[in-house]
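Presented below is the structure to which this report refers.
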Amino acid sequence: MPTKIGVETSRRRTESTGAPQHVTVACTGEVSGQPVAAVAAEAGRGTAGHRFCSAVCFHTWHQRCRDEVARDLDRVGPRPKVAPEIAAALATIERDDPEELKAAARAVEWLTLRGPQRLTQLALCEFLWYELPGAVDSVAQGRHVAGVLGRLLEALDLSRYAGLCTAQVTTEIVRTAVERGVPAAREEFQRAMYRSGIVPPDIPELAWGTVMGVEELEAYEATAAMLELAVTAGRLRSGSVGWRARQAEIAGEYLRSADPALGGVSRLDRIRAERISTWARSRGTARGRAVAGLTGRIRDPQTVPSDADEHLAPPRWLLERAGTDGLPLTDTHALAGSVVAEAQEWFGLDGTGICLGSLHELLLAMKALRRNGKRLVITSIGRQLLAHPERLWAAVAGGLVGDGEGPAEAAAEGALVVLAEGRQLGREELARRVGAMLAGEGWRDPATGGTPDASSVRTALRGLWIRLSALGLLADERWLRPLRLSTIGQAAVLAALQARAVRPRHTLAAG
């Protein structure tokens, strides 16, 4: 099976707070020895593998990138004008103690780059809790730099922001960096950010990417500013009972609402459109050519076909059976023979139960089912899917590929792109076309180091064929017959590709 060139870092696990707690391999923002702008330029040339542990970390890294670019422009061009109010505050401090201002040059530069109009709690916390701890040698130095910045903010009548500079949490994160190292301080920074209440949460329609495009970044910053106002006004109280649900409610309402400043389009719609455009871009001509004709269809809302119930009957049956007494499993966690026999009595012959087993694995991947010892039981997600057939259709269709970024998902996505054209074609032809797509995108066969051949592609696609058959999405499933999607199969594949296109991004690369 082909694999991607480059190293993929692991994503952090989260606990109920939503804050990252553990990482097996540090993210790009923590280990990259390159200047942040150089990493961005390298990714823009198509290098894959740059990953971030969370949206918070990516946004902080991106802000540092902006600052680095601004500093470079400052060195080669005319110095930008300092806002009059900042200049007045600087003059006051310099008159009192010139050496103090020199010692806090980093904080002064940071404030000057932004100006009072662009200052938000998100930006300030990223400086105090992320940049500053990694830039000082002692707790006293960190407290001093933060104190000078606090005096500047107080002079600008930004007392609430000034209070953050001298807050205990700021001192403690600096202390952690000095005594336990910067990586430990980064962890503490993220926990503090999530506790503040201003970090935009995921909502049902949107999971923030750990890599974002321009529209998504702007929506992230605007949502953080809106949550800051909600916290300040007392509409959101971090740490209170149910505050995270309230935070998601406020953020969701904001993201869904039409904005006159954006031409009457919601921020959520702009993010989805940007993600689809990003997905449609390709480094390979074969994939780019195939995707070009599909982009318009994928942008359209996907409706649930009228006969979807018949095709969803097997996964619904598994969910319902697991929701009563649970489904018995074998020692290898496969469905017990009694379950397979019962399913075949109801739905018809399934050979050795391979289709039912595929649906079992699909529901596990969707987190609609989970193992409890030697039984398979339904989860809260599964119960929600049973209660809302349209969600079950979307989840099952999305599961045809899944949300991963590995070689199997890349091959399955490529096959669906080709099949979505609507014509029938043989499995060998399909394997060749998908192999050309993978080669153009930079995938390599680990066994040979060369481009993926038809054999490795066939292996990667085996699970997809079984899922399509299990859901009855192929027009003709007879032996050696060319592949072609049924009418409902076309609808399912478009829904699957749309799910792939609008999923959150986690790799810093072009396309």
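Taken together, the values in this text are just the output of simple stated rules run on the coordinates, not laboratory data. Quantities reported herein were computed from a predicted structural model and do not represent experimental measurements. In this analysis, Cβ positions are derived from the backbone assuming ideal geometry, glycine residues included, and neighbour counts consider all displayed protein chains.
Determine the distance separating the Cα centre of the range 178-215 from the Cα centre of the range 254-310; give it in Å without decimals.
A separation of 26 Å, based on Cα centres.
Amide H of L485 versus every other amide H placed in the peptide plane: which residues, excluding those fewer than 5 positions away on the same chain, fall under 5 Å?
Distant-sequence amide H within range of L485: A475.
Highest mean first, what order results for 311-319, 335-343 on Cβ atoms within 10 Å?
Numbers: 311-319: 20.6, 335-343: 16.1.
Highest mean packing first, the order is 311-319, 335-343.
Using mean Cβ contacts within 10 Å as the protection proxy, how do 418-426, 464-472 order, highest first? Walk me through the intermediate numbers first.
Working: 418-426: 15.1, 464-472: 20.6.
Descending packing order for the listed peptides: 464-472, 418-426.
Going by average Cβ neighbours within 10 Å, how do the peptides 239-249, 271-281 rank, with the highest at the top? Walk me through the numbers on the way to the answer.
On the way: 239-249: 13.3, 271-281: 18.3.
The densest-packed peptide leads the list: 271-281, 239-249.
Need the C-alpha centroid separation for the range 415-480 versus the range 312-342, integer Å.
29
How high is the FRET efficiency from E477 to A336, r the C-beta distance, R0 22 Å, rounded to 0.05?
Working: r = 26 Å, r/R0 = 1.18.
The pair E477/A336 has a calculated efficiency of 0.25.
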